[in-house]
Amino acid sequence: MMNIKSKNEEFTLFNQLSDEWWNENGKFKILHQIKSHRMTYILDQIENRDIKNLKILDVGCGGGIICEPLARLGAKVTGIDFAPNNISAAKIHSKKNKLKINYVHKDVEKSKLDGKFDLILMFEVLEHLDDWKKTIKKIKKNLNKNGIIIISTINRNSLSKLFAISIAENILKWIPKGTHDYYKLIKPEELKKTLTKENFHFKNIKGLVYDPLSREWKLSKNFMVNYFCTAYLIN
């Protein structure tokens, strides 16, 4: 019998970890390690668009690890998160670094989102939601014409169960234990099918893998475990 983690359990875990966001050797160390790869992927996907003219929404922004580098490049950034302690941590850190970022405490599943955006980011978010398909249907209303959505999540198969949960959480402790629920992980074909149904053009998929020899993360054609994907809203 499947034992799927509840939204309350997700909330408790992330709210309690809010003080860890900007500790590069803390419980979110891995997010600092992959930050440059996330940024590379984002910049590749926006292609010839001037980032200074883009309105960007980061859904599930946590402490603002991706919001801040985007703001430094001149983008107009809004970050939302369902954990109030995460938003507090993000506001404190951005103020300390004199960055203008609009942080809002909001649950993407329960609340209506304000505004229209050129780019919506959903990094490591969908696999924590109760109904990710419904959320994609809902959030497309917040995209401008020709808007882009970039998602990163974890594939669902025996390999991802081994590496993303058994090894990453329980053995190496790269991320807090209990972060991921195997049954809420998403196969790329499931995501593509939903995006296509919601009038998106599925443009790109790329994996993120860890090289044990160099002890570094890198973007890859292998998306058996972690992957990014990009879709454009068809108008």
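The values are calculated or read from the model by the stated rules, or taken from the named source; none is laboratory data. Because the structure is a prediction, the values reported are computed rather than measured. Reconstructed Cβ throughout: ideal geometry from the backbone, glycine too, with neighbour counts over all protein chains shown.
Quick one: which of R38, R49 is at pLDDT 95 or above and not β-branched (V, I, T)?
Working: R49 fails: at pLDDT 95 or above.
None of the others qualify; the one that does is R38.
Do you know which residues across the range 169-222 are within 15 Å of R156 (Cβ to Cβ), among the acidic types (D, E) and exposed (fewer than 13 other Cβ atoms within 10 Å of the Cβ)?
If the condition is that a residue be within 15 Å of R156 (Cβ to Cβ), among the acidic types (D, E) and exposed (fewer than 13 other Cβ atoms within 10 Å of the Cβ), then E189 is the only one that fits.
Can you say whether Y210 is part of a helix (DSSP H, G or I) and either more than 18 Å from the chain's Cα centre (by Cα) or among the aromatic types (F, W, Y) (or both), as far as the supplied structure shows?
Values: part of a helix (DSSP H, G or I): no; either more than 18 Å from the chain's Cα centre (by Cα) or among the aromatic types (F, W, Y) (or both): yes.
Spelling it out, it is not the case that Y210 is part of a helix (DSSP H, G or I) and either more than 18 Å from the chain's Cα centre (by Cα) or among the aromatic types (F, W, Y) (or both).
For the range 213-235, enumerate the residues that are under 16 Å from I30 (Cβ atoms) and in a loop (DSSP other than H, G, I, E, B).
S214, R215, V225
Can you spot a residue in the range 115-133 that is assigned to a loop (DSSP other than H, G, I, E, B), touching a residue at least 60 places away in the same chain (Cβ under 8 Å), of a type in the set (D, E) and at positive phi?
Yes, because at least one residue in the range 115-133 is assigned to a loop (DSSP other than H, G, I, E, B), touching a residue at least 60 places away in the same chain (Cβ under 8 Å), of a type in the set (D, E) and at positive phi.
Taking the range 93-114 only, how many residues are within 26 Å of T40 (Cα to Cα) and not in a loop (DSSP other than H, G, I, E, B)? Lay out the reasoning, then the answer.
Within the range 93-114, the first condition is being within 26 Å of T40 (Cα to Cα), and the residues that meet it are 93-104, 108.
Filter once more, keeping what is not in a loop (DSSP other than H, G, I, E, B): 93-96, 102-104.
Summing the residues that are within 26 Å of T40 (Cα to Cα) and not in a loop (DSSP other than H, G, I, E, B) in the range 93-114 gives 7.
Which of the residues spanning the range 139-158 are in a helix (DSSP H, G or I) and either surrounded by 18 or more Cβ atoms within 10 Å (Cβ to Cβ) or under 17 Å from the mean Cα position of the chain (by Cα) (or both)? It would help to see each step written out before you state the result.
Kept after step one, since they are in a helix (DSSP H, G or I), are these residues of the range 139-158: 139-142, 158.
Selection gives I139, K140, N142.
Looking only at the range 72-88, count how many residues are surrounded by fewer than 21 Cβ atoms within 10 Å (Cβ to Cβ) and not polar (S, T, N, Q). Lay out the reasoning, then the answer.
First, pick out the residues of the range 72-88 that are surrounded by fewer than 21 Cβ atoms within 10 Å (Cβ to Cβ): 72-74, 76, 84-85, 88.
If we keep only those that are not polar (S, T, N, Q) too, we end up with 72-74, 76, 84.
Counting residues in the range 72-88 that are surrounded by fewer than 21 Cβ atoms within 10 Å (Cβ to Cβ) and not polar (S, T, N, Q) gives 5.
Any chance the range 193-203 includes a residue that's within 17 Å of the chain's Cα centre (by Cα), modelled with pLDDT of 95 or more and of a type in the set (D, E)?
The answer is no, given that none of the residues of the range 193-203 is within 17 Å of the chain's Cα centre (by Cα), modelled with pLDDT of 95 or more and of a type in the set (D, E).
Looking only at the range 215-235, which residues are in contact with a Leu (Cβ under 7 Å, 6 or more places away or on another chain) and under 13 Å from N199 (Cα atoms)?
Across the range 215-235, the qualifying residues are A231, L233.
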